[in-house]
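Inspection log for the structure reproduced underneath, given as structure tokens.
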Amino acid sequence: MTRIDTIAQRLTSGLLPAALEGACPALPIHLLDTVGAWIAGRASPEGVQLHRLKGQGTHVPAVFAASMLDSIALATATARLTEVDDVHMASCTTPGAVVILSALALAASAASGPAGAIGPGRLAASIHAGYEVMTCLGETFSGPEILHSGIWPTLLLAPVTTAAVASTLLGLDAERTANALAIALTASNGRPGGSASAGVAAGPGTSARWLLLGMAARAGGAAALSAARGFSGDRTLLDGSALAALHGIALAPQVVESFLRRGSAVQRTSIKPYCMAKHNIAAVQAFRQLLEEGIAHANLTRIRVKLPPAHARMVGHDDTEASRLSRITSCAYNIALAGASPQHLLDIERREPVHSADMSRLAHKVEVVADDQLQSLAPQAYPATVELFVGEKMVACKTVVDAWGDPALPFDMAAARSKFRRLAGEVVDENVAAEVETLCSGLFDSATAPQVLWRALAGIDKAHLQRPVSKVPVGPPARP
């Protein structure tokens, strides 16, 4: 039996009952968080550009239509572009945008078909399946390492993840599920171009980074639908060296043996309280906590941030003019935001750098250094140590290993609602936001809830087509 067969058989058997029961409270939290990201992303300039691909230009046909597969592409891309969706540290993947939006699109489409509505249990199982596949294969492909060689783990695994979601939602047997996964793995690329800090190389027009992700998720949906109709793929892809050679990476296939045997991946996935690279969040939290202890950042002469070496190389830059993504990844920039402009910590647009005098002074005080001792904690955690200096004297130091939103300090529903309201509050009507929040909270209580929620999101989409781009609300998240 191949490793793909092993994954398929375990997917069709489902999560162990104890794991499923333990994970159930986390599902509505991650669902609400992901839908909030989609709402904010839909209102952003990049979200507007993406959704214009549904329209027809004077000489260019529309890229996307109203099909279910095209809906998957646009929805996953729109949520992921925000950089406020969830993240699994050990695999360096961001499952929620791909998994949850794919599941919602598929469930809503199925409810309109001859088979009727998908039961809440099947929907929950499909979401679990997606989280499990992306995170397990992300670890198998050494996601934290390949990120720094130009491969985006989430893009690489979006096809196979959506294939797992669709196969579970459609109730495919192990044979067809295995073929869906195999077809999808063949469609994987993972290289968006550009660096991990700045994204796709700068040039005229809009970056294709998020579009590529949506197209990858769409391919996974197509793989599952094709397998359901009898198409087969190469199910030995995870057993030999062909896939590893194709992407120039070394696999850790032994991780597959633990698939669906470690509890629920949803519970091992972090929620981000701020819009920034996950690699920066522990440092920003440590810095904010030191400021709350009464230290005035104006008096500081140096702020030294220690990070695991690979993290330091990725976020230890100050070229915030390069792109929106460069402002999201720069540690110095986000430390400065935390001290001088905390209301922008959840601003997903990051259109232009904040150029206040306080921001400039504070950013220039930040020094990011590699710390080999912190490396031993990665990738299961993304730790940081922040040291504050006045002159040559260190006046404060704090290390954060588990940041707020990590599995050890998880968001509860109250925190998820608070973040959702900040993201959605000024983007959509208050009553619409309240309706979506309620639907997300009760999604797994009714077979018709996914279709009702999808209609609500379609209404938001339609409303945005009729108005100019609106500003996404910002503001520092309140911490417990």
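Scan around residue 93 for amide H atoms under 5 Å from its own, H built in the peptide plane at 1.01 Å from N, and keep only partners 5 or more places away or cross-chain.
So residue 93 has HN proximity to 88.
Viscosity 1.567 mPa s, temperature 4 °C: Stokes-Einstein D of the chain from its Kirkwood Cα radius, in µm² per second?
Translational diffusion coefficient: 58 µm²/s.
Distance from a point 7 Å along Cα→Cβ of residue 257 to each backbone N in region 217-241: keep the residues under 18 Å and list them by number.
238-241
Using the crude model of +1 on Lys and Arg Cβ and -1 on Asp and Glu Cβ, and no other charge, please compute the dipole size for the chain relative to its Cα centre, in debye to 20.
Dipole size: approximately 540 debye.
Tell me which residues come under 5 Å, amide H to amide H, from residue 396 once H is placed; ignore anything under 5 positions away on its chain.
388
Within the chain, which is the longest segment containing none of the trypsin sites (Lys or Arg not before Pro) that sit in a DSSP loop and have at most 16 other Cβ atoms within 10 Å?
By the stated rule (loop sites, at most 16 other Cβ atoms within 10 Å), 1-228.
Between residue 393 and residue 250, what is the spin-label point distance in nm, taking each point 7 Å from the Cα along the Cα→C-beta axis?
The answer from the label model is 4.9 nm.
Please report the relative contact order for region 278-400, taking Cα pairs under 8 Å with a sequence separation of at least 6, and give it as a percent rounded to a whole number.
Reported as a whole number, the value is 41 percent.
Run through the DSSP bridge list for region 278-400 and note the antiparallel percent, rounded to the nearest 5.
Around 70 percent antiparallel, to the nearest 5.
Which whole-Hz ³J(HN,Hα) couplings does region 448-456 yield from phi under the Karplus relation 6.51 cos²θ - 1.76 cosθ + 1.60, θ = phi - 60°, glycine and proline marked x?
So the Karplus estimates, Gly and Pro as x, are 8, 4, x, 5, 5, 5, 4, 5, 5 Hz.
What number, rounded to the nearest 500 deg cm²/dmol, is the helix-based mean residue ellipticity at 222 nm of the chain, given -39500 (n - 2.57) per DSSP H run of at least four residues and division by all its residues?
Value at 222 nm, helices only: -16000 deg cm²/dmol.
Indicate the gyration tensor shape class of region 278-400 (rounded, prolate or oblate), computed on the Cα atoms with a ≥ b ≥ c the square roots of the eigenvalues: a/c under 1.5 is rounded; otherwise a/b larger than b/c is prolate and the rest oblate.
Because a/c hits 1.5 or more and a/b fails to exceed b/c, region 278-400 counts as oblate.
Between residue 466 and residue 65, what length in nm is gained on full extension when 0.36 nm per residue of separation is reduced by their alpha carbon distance?
142.5 nm
List the GluC sites (Glu not before Pro) in region 355-400 that DSSP assigns to loop (not H, G, I, E or B) and whose Cβ has at most 13 other Cβ atoms within 10 Å. Which are they?
Here the GluC sites (Glu not before Pro) that fit, given the DSSP loop and packing criteria, are 392.
Given Cα pairs under 8 Å that are at least 6 residues apart, what percent is the relative contact order of the chain?
21
Calculate the FRET efficiency for residue 448 and residue 148 from the Cβ-Cβ distance with a Förster distance of 45 Å, rounded to the nearest 0.05.
According to the calculation, E is roughly 0.50.
Beta carbons within 10 angstrom, averaged per residue: use that to sort the peptides 181-190, 152-161, highest first.
Output ranking for 181-190, 152-161: 152-161, 181-190.
Output wanted: per-residue J couplings in Hz (rounded whole) for region 6-13, from phi through Karplus 6.51 cos²θ - 1.76 cosθ + 1.60, θ = phi - 60°, x for Gly and Pro.
Going residue by residue, I get 4, 4, 5, 5, 6, 4, 6, 7 Hz, with x marking Gly and Pro.
Assuming a ≥ b ≥ c are the square roots of the Cα gyration tensor eigenvalues, decide whether region 157-282 counts as rounded (a/c under 1.5), prolate (otherwise, with a/b larger than b/c) or oblate.
Prolate is the answer for region 157-282, as a/c is 1.5 or above and a/b outweighs b/c.
Grab the beta carbon distance between residue 355 and residue 319, set R0 = 22 Å, and tell me the FRET efficiency rounded to 0.05.
0.90
Determine the distance separating the Cα centre of region 301-331 from the Cα centre of region 155-174; give it in Å without decimals.
Region 301-331 and region 155-174 have Cα centres spaced 35 Å from each other.
Quick one: which residues, 5+ away or cross-chain, put their amide H under 5 Å from the amide H of residue 367? H built at 1.01 Å from N.
Residues meeting the amide H criterion: 303, 304, 305.
Just report the Cα centroid separation between region 64-129 and region 368-427, whole Å.
28
Every number here is computed from the coordinates shown, using simple stated rules; none is lab data. As the structure is a prediction and not an experimental result, all values here were calculated from the model. Heads up, the Cβs are rebuilt from the backbone with ideal geometry, glycines too, and the neighbour counts pull from every protein chain shown.
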